[in-house]
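Contents: one structure, followed by commentary.
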Amino acid sequence: MMVSATGFSQLSDLHYLPPLKKGSNNSSINEQAIYLSTPETTSFTINAYIRIATTPDATFSISNIAHREFTLANGDNNITMVQNANKGVVINSSELRFESPGGQKFYVN
């Protein structure tokens, strides 16, 4: 029996990161950061959008030798981590979106 499988990873020109909720309210998650990297040898621009924005909140230039870090506010910032009051409800103001206007592919971690 022959099996053929195709694997996919998160290498893309567009990434969405929804907010999360931690299980315990006793501790704060500090030093939050998003890491952007790519296998592309030529540098290119990535736009970062916080919440549902039409204008980038930040712009980065990355290449395979120049990765970038996007730092965020500590704790339950309602961007990456939601507060208790927002647990289990639809929040239109919480998300992160990263895109490459030129279509170059990159990783978001």
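Could you grab me the full set of residues in segment 35-64 that are modelled with pLDDT under 90 and of a type in the set (Val, Ile, Thr)? Of everything in segment 35-64, those that are modelled with pLDDT under 90 and of a type in the set (Val, Ile, Thr) turn out to be Ile50, Ile52, Thr54. Looking across segment 29-59 at every residue that is part of a strand (DSSP E or B), out of contact with any His (no Cβ under 7 Å at 6 or more places or on another chain) and in contact (Cβ under 8 Å) with a residue 40 or more places away in the chain, the one that is surrounded by the fewest Cβ atoms within 10 Å (Cβ to Cβ) is identified as Thr45.
Going through (1) open to solvent by 80 Å² or more (accessible area, probe 1.4 Å); (2) at pLDDT below 75; (3) at positive phi one by one, Asn26 falls short only on (3).
Annotation note: of Thr71, Thr80, the sole residue that is at pLDDT below 95, of a type in the set (S, T, N, Q), surrounded by fewer than 16 Cβ atoms within 10 Å (Cβ to Cβ) and within 17 Å of the chain's Cα centre (by Cα) is Thr71.
Contact map, segment 82-95: residues that are farther than 14 Å from Ala53 by Cα paired with residues that are part of a helix (DSSP H, G or I), Cβ distance under 8 Å, separation 6+ or inter-chain. No pairs are found. Here is the figure for segment 68-109: residues that are closer than 15 Å to Ser37 by Cα and among the hydroxyl-bearing types (Ser, Thr, Tyr) total 3. Scanning segment 90-104 for any residue that is over 15 Å from Tyr16 (Cβ atoms) and surrounded by 13 or more Cβ atoms within 10 Å (Cβ to Cβ) turns up at least one such residue.
The values are calculated or read from the model by the stated rules, or taken from the named source; none is laboratory data. If you're wondering where the values come from, they're calculated on a predicted model, not measured in any experiment. Counting neighbours? That spans all protein chains shown, and the Cβs are built from the backbone with ideal geometry, glycine included. Heads up: the accessible areas ignore ligands, DNA and RNA and are worked out on the full protein's heavy atoms, side chains in. Shrake-Rupley method; radii C 1.70, N 1.55, O 1.52, S 1.80 Å.
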